[in-house]
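A short reminder: the numbers here are calculations on the coordinates, not readings from a lab. Keep in mind it's a predicted model, so treat the numbers as computed, not measured.
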Amino acid sequence: MLSSKETVLAVLTSPVEMRTADIAKEVGLSNESTRKIRTGKSYVNLFPEIERLTTEQMVRTCEKCSFFQRKSKRTTWCDLGYPEAVSRRFARGCGAYTLRTQP
Ligand code: SF4
């Protein structure tokens, strides 16, 4: 069993594209507690050097990005060539994310 400090570190070092629910399951916390740690709403004094996700980052998906293209349900791609764009949440940590301005 992880200590609370180890649990917070495990949450904060999880890949940004990972679902909060999956992290919560892995570390044994509730989804809400995990989300609060990820977004810096709790345990802000632990590991301050690790950047927290902003609320805006949490709702990003590649589908909302202007570089995301879709030909069909199965054929999608990123105009910048990032293969990870197939994972919708990759946008959370993508420095090239640009919110699509038209539907
Ligand atoms: S630029 Fe980044 S956020 Fe935008 S579609 Fe490509 S991988 Fe996703």
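Quick look at the values:
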{"read-out": "Range of Cα positions in the chain per principal axis (Å), largest first", "value": "47, 23, 21"}
{"read-out": "Reachable aspartates and glutamates from LYS5, criterion Cα separation under 18 angstrom, eight or more residues apart if same chain", "value": "GLU26, GLU32, GLU49, GLU51"}
{"read-out": "Evaluated over segment 4-53, the Cα radius of gyration and Dmax, each in Å", "value": "9.4, 25"}
{"read-out": "Cα-Cα over 31 Å, subset of LYS36/LYS64; LYS41/LYS71; LYS25/LYS71", "value": "LYS41/LYS71; LYS25/LYS71"}
